[in-house]
Each structure stands twice: as structure tokens, then as C-alpha cells.
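First up is the structure itself, then whatever we jot down about it.
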Amino acid sequence: MLDVQDLRVSFGGIRAVDGLGFSIGEGEIVSIIGPNGAGKTSAFNCVSGFYKPATGSVRLAGHDVTGRSPSAVAAHGLARTFQNLRVFGELSVLDNVRAGAHLWLRQSVLDALLHTPRYRRSERECTGEAHRVLDFVGLRGDRTGRVRDLPYGEQRRVEIARALARRPRLLLLDEPAAGLNAGEKAELLILIRRIRDLGITVALIEHDMGLVMELSDRVVVLNHGKGIADGPPHEVRRDPAVVSAYLGADDEHGVLHPAGHIEEGAGDA
């Protein structure tokens with residue numbers, strides 16, 4: 001589903017991504033982990049078209065999308081969420097999710113101006129899809145109120161619902177558990193598995209190691225912009241290089257347990 005080769009991105013002399021390569025198979029749940037500044041979000045931004053890499057290639061479902069715009073990458077089946085919540089706060093819950101359907105709506109500006117039969121059919125389909133996706137993510141309350149008035153955890157679900165409304169083949173989730181309580185994290189784990197059961201491949205950046213180890217088919221570990229490990233969770237958590245990258249020294253039991261959650265901005269180095 002995704003193949004990344006020799007990816008490099010620099011900012012002001014700092015190499016954020018340094019020869020990174022990894023792949024994600026169709027139907028997998030893959031977690032991208034690493035300490036603050038490891039290059040995780042920068043890699044996501046290259047894959048989704050927000051950054052243009054200096055070198056390397058990104059192939060999505062067999063298509064070369066290296067350096068393409070976010071809209072062009074999305075058209076090949078990618079959707080994503082962001083570490084810093086990005087919803088349209090003044091719009092309703094329903095309209096936030098409807099906005100995600102723009103890639104597959106079949107209507108023109110003229111259709112909208114004239115309210116043609118095609119426009120009305122398209123709008124009904126869009127609204128129906130938004131309701132179905134909101135049901136899927138577990139938001140069954142009022143959908144006419146502003147998103148900004150929802151609790152934080154429910155706003156996260158709206159953002160995921162909007163991404164799903166695009167009907168993606170690959171979903172990138174950037175720290176989806178950030179700011180959630182223990183109960184919400186447990187519900188998120190179930191939701192991500194259900195998303196995979198729809199046939200959607202999932203890649204996520206996450207600092208919650210409990211969630212990562214329970215959820216992932218594979219774990220890719222980054223440090224200083226490079227990949228230092230790639231494998232099943234039970235192997236990665238005991239890799240000496242991974243333990244050292246997180247803790248600064250080998251743990252006597254060889255078990256990965258980072259000291260704490262560290263926020264990572266969209267310009268992660």
C-alpha cells in the first residue's frame with residue numbers, strides 16, 4: 001500500500017528525515033514511533049504531500065506521489081488526521097464530515113448554482129454517507145451543533161470521521177490518542193481495528209506504548225530521521241537500539257517503556 005525509499009528532508013541545515021525507508025502492506029496497522037525530534041511527523045508530511053522531499057520516493061498503491069500536492073495524494077486514496085486537532089469549529093458536526101466527501105462527489109459549480117437533479121442526488125448521498133460514518137465512529141448525539149462545543153475526545157472522532165468520509169485506502173493518524181483519557185483510548189483501539197476491518201490500511205504515530213504494542217501488526221522506529229527498527233511489537237520492544245533511543249541507556253529487562261509523553265509539533269525535526 002505504501003512504499004517509502006531513501007526519503008530526505010532538511011530545515012535550515014537540520015536533517016529532519018535522513019534516508020528513511022519503510023513499507024506498509026495492504027490491511028496492516030503499522031505504528032511509527034520514536035523520541036521527540038525523530039522525524040515522524042515530517043515523514044507523514046512528506047507522504048501526504050505537505051512537504052516536498054529533497055530526495056527519495058513515495059509510492060502509494062503503486063502510484064508515484066513523490067512531491068505531489070496534498071490533493072493529488074488524497075486522490076490516490078490517502079486521508080489523514082493531525083496531531084494538533086484540525087476541525088472546522090464553527091461548522092456543524094455533520095458539515096465537518098460532509099466536507100470530507102468532496103473527492104468523490106459528482107457535481108459542478110453550475111449544478112450547485114442551479115440545484116440540478118444531479119446536485120440534489122449528490123447532496124443526499126453526501127449527507128447519508130456522513131451519517132453512516134458518524135454512526136461508525138460512535139457519535140450518535142446531536143449533529144447540528146458546532147464542533148467546537150463538543151468535548152475534546154468527540155472532536156477527535158469527528159476528525160477521524162471526516163477522514164473516513166473520503167473513502168481512503170490508507171489512513172494516517174498523527175497521535176490520535178493525545179489528550180484522551182484511559183476509557184477513550186480503549187475505545188480508540190477498538191475503532192482503529194474496526195477501520196482496518198473495513199479494508200483500510202492504517203499507519204499511526206503514537207507515544208502511548210501500551211496502545212502501540214496491543215494494536216500494531218508492525219512497529220517502525222525512527223531516531224534522528226533514520227529508521228532504527230522495523231518488526232513485530234514483541235521484537236521491537238526488546239531491541240537494544242530502540243530501548244537506548246527512548247531511555248538513553250539499556251534497560252536491564254530490555255523492555256520499552258518511555259519516561260513520558262512528549263508533544264510533537266507539525267514541524268517535528
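The values are calculated or read from the model by the stated rules, or taken from the named source; none is laboratory data. Keep in mind that this is a model prediction, so the values were computed, not measured. Positions of Cβ are generated from backbone atoms using ideal geometry, with glycine treated the same way; all protein chains shown enter the neighbour counts.
Here are the numbers for the structure shown:
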{"read-out": "Among (1) assigned to a loop (DSSP other than H, G, I, E, B); (2) in contact (Cβ under 8 Å) with a residue 40 or more places away in the chain - the single one Val220 does not satisfy", "value": "(1)"}
{"read-out": "Qualifying residue in segment 196-211 (condition: surrounded by fewer than 22 Cβ atoms within 10 Å (Cβ to Cβ), small (Gly, Ala, Ser) and part of a helix (DSSP H, G or I))", "value": "yes"}
{"read-out": "Members of segment 61-86 found to be part of a strand (DSSP E or B) and crowded, with 23+ Cβ neighbours inside 10 Å, listed by number", "value": "Leu78, Ala79, Arg80"}
{"read-out": "Qualifying residue in segment 27-49 (condition: part of a strand (DSSP E or B), at negative phi, more than 16 Å from the chain's Cα centre (by Cα) and at pLDDT 90 or above)", "value": "no"}
{"read-out": "Segment 223-246, residues that are free of Cβ contacts under 8 Å to residues at least 60 places away in the same chain, in a loop (DSSP other than H, G, I, E, B) and touching a helix residue (DSSP H, G or I) at 6+ places or on another chain (Cβ under 8 Å)", "value": "Arg237"}
{"read-out": "Filter pass, Glu129 being of a type outside the set (A, V, I, L, M) and part of a helix (DSSP H, G or I)", "value": "yes"}
{"read-out": "Residues being of a type outside the set (A, V, I, L, M), surrounded by fewer than 22 Cβ atoms within 10 Å (Cβ to Cβ) and in contact with a Leu (Cβ under 9 Å, 6 or more places away or on another chain) - total across segment 176-195", "value": "4"}
{"read-out": "Hey, Asn84 outside the structural domain of Asp208 (by TED's automatic domain parsing), under 17 Å from the mean Cα position of the chain (by Cα) and among the polar types (S, T, N, Q) or not", "value": "yes"}
{"read-out": "In segment 109-123, the residues that are closer than 16 Å to Ala99 by Cβ and either touching a residue at least 24 places away in the same chain (Cβ under 8 Å) or exposed (fewer than 15 other Cβ atoms within 10 Å of the Cβ) (or both)", "value": "Ala112"}
{"read-out": "Test: residue in segment 25-41 that is among the aliphatic types (A, V, I, L, M) and more than 25 Å from Asp239 (Cα to Cα)", "value": "no"}
{"read-out": "Residue in segment 18-40 that is surrounded by fewer than 19 Cβ atoms within 10 Å (Cβ to Cβ) and β-branched (Val, Ile, Thr) present", "value": "no"}
{"read-out": "Some residue of segment 98-108 being under 18 Å from the mean Cα position of the chain (by Cα), crowded, with 18+ Cβ neighbours inside 10 Å and either outside the structural domain of Glu175 (by TED's automatic domain parsing) or modelled with pLDDT of 90 or more (or both)", "value": "yes"}
{"read-out": "Arg140, sole failed condition from (1) assigned to a helix (DSSP H, G or I); (2) in contact with a helix residue (DSSP H, G or I) (Cβ under 9 Å, 6 or more places away or on another chain)", "value": "(1)"}
{"read-out": "Members of segment 44-99 that are hydroxyl-bearing (Ser, Thr, Tyr), farther than 21 Å from Gly19 by Cβ and in contact (Cβ under 8 Å) with a residue 24 or more places away in the chain", "value": "Thr81, Ser92"}
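Residue-by-condition table, conditions (1) in contact with a helix residue (DSSP H, G or I) (Cβ under 7 Å, 6 or more places away or on another chain); (2) closer than 19 Å to Ala245 by Cβ; (3) charged (D, E, K, R); (4) assigned by TED's automatic domain parsing to the domain that holds Asp208:
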residue: Ala16; (1), (2), (3), (4): yes, yes, no, yes
residue: Gly37; (1), (2), (3), (4): no, yes, no, yes
residue: Lys52; (1), (2), (3), (4): no, no, yes, yes
residue: Val58; (1), (2), (3), (4): yes, no, no, yes
